[in-house]
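Read the structure below first, then the notes.
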Amino acid sequence: MRLPGVFPLDQTMKEASDTSPSRRQVLRLAAMATACAISAKASNAEVSSRETNSAHVPSDGVSTFESVWQTVRDRFYNAHHNGIDWLAIRERYLPDVERATSQDSVARVINTMLSELHASHTRFYTPDEPEYYQLADIFVGALRRRGLQRAFPDGRISYPGIGIISGSEASVRNTITAVIDGTPAQQAGLRPGDEVVTADDTAFEPIGSFRGKVSKTVLLKVHRGGSDLQISIVPVDLEPTKMFLRGLESSARIIESNGRRIGYVHVWCYAGSVYQRALEFLLSQGVLKDADALIWDLRDGWGGAQPEYLDLFDARAPTMQVTDRSGRSEFVNVKWRKPVAMLINGGTRSGKEVLAYGFKKYRLGELIGTRTEGAVLAATAFLIGNGLLLLAVEDVRVDGERLEGVGVTPTIEVQAGAASAESDDPQLSRAVAVLSGT
């Protein structure tokens, strides 16, 4: 979240090849470890129970549906499928998928079926959704060896977009929930709560509206509050990891309040140690190094964080500075020994929730915002047909507690501001007030 991996199917990083069992458990929650792409031929009467690395990808809706159903049957973390009759579920939804006439309608049937499981990290994504590309990038190490080239022939994962996060369901897909720092969406002035109605006078689609229009101006019709606005924007070719990393770096700033310098940084994705290293650089050598306090924003985006990232706030361990003969220095085992507050909301999920849990339990600072999503299961990814299945394959407990379906409550509850309120972020404002003593 965000997205736990699974051992020992595959490894995406060298460090994962040499780990102790406890370290492996951590990596399950890191969304970095593994992914697996499968495809399977299936008839209406029977589905093979054997996973395959075949290069064949089912192209029609029924084959895709059958492969998803079979994968869930064999790999879902709960062998009893959370108490539902999975065979009966297949019989119920098969007629719907047989009547489906498009990739989107097939995906809707599949996702309605998957919703019967009442589990996080379990959804089917299509190439018309930004999440498809973002998950492919998160699980790129294993997918590169298991059919990624079929979807991305040159090995490069990217999509045309503007850098927004919106609802995953069709009814709210066009409503912006977050705007990633440093992207065209932020530069154009789009805000959370905006509803994007059309793009160049055609119904808005998160991917389709920008295909073939990279570096060209697109005119968006945006509904904000009670008004309709025309906003010009230039989409770019987004590589997910680069986008999220730039978003983290671009978000970092100092907020002056009551004579104190409050540092702020938004970690949009934690599925990889590169994000923690970037944060440590900002705190030790970057724009946040002279801040008097820190606001650590974990709202929205993907999870995937390792629990050990909380060691950043362990004041009992030393920080080293090493300098080579050219005078270039870097810090090792960076620590933040000043006040800190964490921002959370319903979009804080998976590994980020593990951090929120530990942050609260071990009293590292105030947890400000609203309850986290309660999406804490270990998952892996499967390429099936023309889509990508994210599937929960292991249960997770944190210090013996199950956060799935529960989430983490803040120590200071602050609701989000009214949709598209002018530069209004009451959760951030409360964190600034807490840390500056106002």
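The values are calculated or read from the model by the stated rules, or taken from the named source; none is laboratory data. As the structure is a prediction and not an experimental result, all values here were calculated from the model. Glycine also receives a Cβ, built like all others from the backbone with ideal geometry; neighbour counts cover every protein chain displayed. Keep in mind that these areas ignore ligands, DNA and RNA; they rest on the heavy atoms of the full protein, side chains included. Shrake-Rupley method; radii C 1.70, N 1.55, O 1.52, S 1.80 Å.
Quick notes on this structure:
Here is a yes/no grid of residues against (1) surrounded by 14 or more Cβ atoms within 10 Å (Cβ to Cβ); (2) among the aliphatic types (A, V, I, L, M); (3) touching a residue at least 40 places away in the same chain (Cβ under 8 Å):
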| site | (1), (2), (3) |
| --- | --- |
| A317 | no, yes, no |
| V332 | no, yes, no |
| L343 | yes, yes, yes |
| S350 | yes, no, yes |
| F359 | yes, no, yes |
| A375 | yes, yes, yes |
| G385 | yes, no, yes |
| D399 | no, no, yes |
| V408 | yes, yes, yes |
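- L143 modelled with pLDDT under 95 and either within 20 Å of the chain's Cα centre (by Cα) or outside any helix (DSSP H, G or I) (or both): yes
- Residue within the stretch 241-248 that is out of contact with any Phe, Trp or Tyr (no Cβ under 7 Å at 6 or more places or on another chain), surrounded by fewer than 17 Cβ atoms within 10 Å (Cβ to Cβ) and touching a residue at least 40 places away in the same chain (Cβ under 8 Å) present: no
- Strands (runs of 3 or more DSSP E) contained in the stretch 189-308 and holding at least 3 residues over 24 Å from I157 (Cα atoms) and under 26 Å from the mean Cα position of the chain (by Cα): 195-199, 218-224, 260-266, 293-297
- Considering the stretch 126-140, the residues that are assigned to a helix (DSSP H, G or I) and open to solvent by less than 10 Å² (accessible area, probe 1.4 Å) include one that is farthest from I157 (Cα to Cα), namely L135.
- L238 vs. criteria of a type in the set (A, V, I, L, M, F, W, C) and surrounded by fewer than 23 Cβ atoms within 10 Å (Cβ to Cβ): no
- Search result, residues across the stretch 100-118 that are touching a Gly at 6+ places or on another chain (Cβ under 9 Å), assigned to a loop (DSSP other than H, G, I, E, B) and in contact (Cβ under 8 Å) with a residue 24 or more places away in the chain: A100, H118
- If the condition is being touching a Lys or Arg at 6+ places or on another chain (Cβ under 8 Å) and of a type in the set (D, E, K, R), then the stretch 218-253 contributes R224, D228, E239.
- Residues of the stretch 258-267 classified as of a type outside the set (F, W, Y) and crowded, with 17+ Cβ neighbours inside 10 Å, total: 6
- In the stretch 185-209, of all residues being open to solvent by 20 Å² or more (accessible area, probe 1.4 Å) and β-branched (V, I, T), the one that is farthest from E249 (Cα to Cα) corresponds to T202.
- Evaluation of N78 against the conditions (1) among the polar types (S, T, N, Q); (2) modelled with pLDDT of 95 or more; (3) assigned to a helix (DSSP H, G or I); (4) surrounded by fewer than 18 Cβ atoms within 10 Å (Cβ to Cβ) shows that the sole unmet condition is (3).
- Some residue of the stretch 348-357 being more than 23 Å from the chain's Cα centre (by Cα) and in a loop (DSSP other than H, G, I, E, B): no
- Yes/no for S350 being at pLDDT 95 or above and hydroxyl-bearing (S, T, Y): yes
- The set of residues in the stretch 361-370 that are under 14 Å from D297 (Cα atoms) and open to solvent by 20 Å² or more (accessible area, probe 1.4 Å) comprises G365, E366, T370.
- Note on the stretch 369-386: residues that are at pLDDT below 95 and in a strand (DSSP E or B) total 7.
- The number of residues in the stretch 219-240 being free of Cβ contacts under 8 Å to residues at least 60 places away in the same chain and either within 19 Å of A136 (Cβ to Cβ) or of a type outside the set (S, T, N, Q) (or both) comes to 10.
- Exclusive hit being out of contact with any Phe, Trp or Tyr (no Cβ under 8 Å at 6 or more places or on another chain), surrounded by fewer than 21 Cβ atoms within 10 Å (Cβ to Cβ) and in contact (Cβ under 8 Å) with a residue 60 or more places away in the chain, set G182, G212: G182
- In the stretch 261-274, the residues that are without any contact (Cβ under 8 Å) to a residue 60 or more places away in the chain and over 17 Å from I344 (Cα atoms) form Cβ pairs under 8 Å with partners that are surrounded by fewer than 23 Cβ atoms within 10 Å (Cβ to Cβ) and of a type in the set (D, E, K, R), at six or more places apart or across chains, as follows: R261/D290; R261/D292.
- Filter pass, Q276 being at pLDDT below 95 and either in contact with a strand residue (DSSP E or B) (Cβ under 8 Å, 6 or more places away or on another chain) or closer than 18 Å to F359 by Cβ (or both): no
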